[in-house]
1. Go through segment 86-118 and give me each residue that's assigned to a strand (DSSP E or B) and closer than 16 Å to residue 49 by Cβ.
2. Give the number of residues within segment 65-77 that are closer than 21 Å to residue 184 by Cα and either in contact with a helix residue (DSSP H, G or I) (Cβ under 6 Å, 6 or more places away or on another chain) or assigned to a helix (DSSP H, G or I) (or both).
3. Which residue pairs have Cβ atoms under 6 Å apart, sit 6 or more places apart or on different chains, and have a first residue in segment 88-117 that is on the phi > 0 side of the Ramachandran plot and in contact (Cβ under 8 Å) with a residue 24 or more places away in the chain and a second that is buried (at least 22 other Cβ atoms within 10 Å of the Cβ) and in a strand (DSSP E or B)?
4. Scan segment 46-63 and tell me whether some residue there is surrounded by fewer than 15 Cβ atoms within 10 Å (Cβ to Cβ), touching a residue at least 12 places away in the same chain (Cβ under 8 Å), more than 13 Å from the chain's Cα centre (by Cα) and at positive phi.
5. Taking the options 163, 187, name whichever one is at negative phi, free of Cβ contacts under 8 Å to residues at least 12 places away in the same chain and surrounded by 13 or more Cβ atoms within 10 Å (Cβ to Cβ).
6. Taking the residues in segment 119-156 that are part of a strand (DSSP E or B) and loosely packed, with under 10 Cβ neighbours inside 10 Å as candidates, determine which candidate is modelled with the highest pLDDT.
7. Only one of (1) in a loop (DSSP other than H, G, I, E, B); (2) at pLDDT 95 or above fails for residue 24. Which number is that?
8. If the requirement is being at pLDDT below 95 and either under 22 Å from residue 119 (Cβ atoms) or exposed (fewer than 13 other Cβ atoms within 10 Å of the Cβ) (or both), which of these qualifies: 9, 18?
């Protein structure tokens, strides 16, 4: 049995056993991202993108494929799969969806993001939307499971204090909502304490 098959089973089991936290906030726009897991060299990896400097929000940041919900999207899963197809060329039929993590609000850009976890084929002949994506990178899942990879900074905005998570991998810094999604994924699937 492969590492990705074992991981898929664990993710499905753990997500099915928990109650998903949803946020109802009409003032925030709905969005969804795909947490694309795949196997490289017998080890689970996560695929990320680095956004261009010309996109509307989160310029130059490391992100997961995804974006705002369209009126025609049935749910978070259809938003995440549509966006992954538009940004990366991954057909929805090629994604094995494993479950959905808790909704997360974004502090500055005004979204509620639903992270959809799925397995993608790899290697894959990506068709990158160069208007949105400057670079594709893959990061071993073990980076996010290693507590020494995580840095937390306490920030304040509009009188509210909150934690901002940062992961460092190679020359990249993964932070903000993307880092919160990965922290939430690790906590939900592997039971690491908050």
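1. Here is the first cut: in segment 86-118, the ones assigned to a strand (DSSP E or B) are 96-100, 104-105, 111-118.
The answer is 113, 115, 116, 118.
2. Start the filter on segment 65-77 by keeping residues that are closer than 21 Å to residue 184 by Cα, which leaves 65-68, 75-77.
Among the residues that remain, those that are also either in contact with a helix residue (DSSP H, G or I) (Cβ under 6 Å, 6 or more places away or on another chain) or assigned to a helix (DSSP H, G or I) (or both) are: 65-67, 76-77.
Going through segment 65-77 one residue at a time, the tally reaches 5.
3. As it stands, the answer is 99/117, since those pairs meet every condition given.
4. Yes: segment 46-63 contains one or more residues that are surrounded by fewer than 15 Cβ atoms within 10 Å (Cβ to Cβ), touching a residue at least 12 places away in the same chain (Cβ under 8 Å), more than 13 Å from the chain's Cα centre (by Cα) and at positive phi.
5. On the way: 163 fails: surrounded by 13 or more Cβ atoms within 10 Å (Cβ to Cβ).
It is 187.
6. If we filter segment 119-156 for residues that are part of a strand (DSSP E or B), which is where we start, we get 119, 133-140, 150-156.
Narrowing further to those that are loosely packed, with under 10 Cβ neighbours inside 10 Å: 154, 156.
Details: 154: 93, 156: 87.
Ranking the candidates gives 154 first.
7. Checking residue 24 against (1) in a loop (DSSP other than H, G, I, E, B); (2) at pLDDT 95 or above, the one that fails is (2).
8. Values: 9 fails: at pLDDT below 95.
Step by step, each of 9, 18 is checked, and only 18 is at pLDDT below 95 and either under 22 Å from residue 119 (Cβ atoms) or exposed (fewer than 13 other Cβ atoms within 10 Å of the Cβ) (or both).
The values are calculated or read from the model by the stated rules, or taken from the named source; none is laboratory data. Just so it is clear, the model here is predicted, and its values are computed rather than measured. Cβ coordinates were reconstructed from backbone atoms using ideal geometry, including for glycine residues, and neighbour counts include every protein chain displayed.
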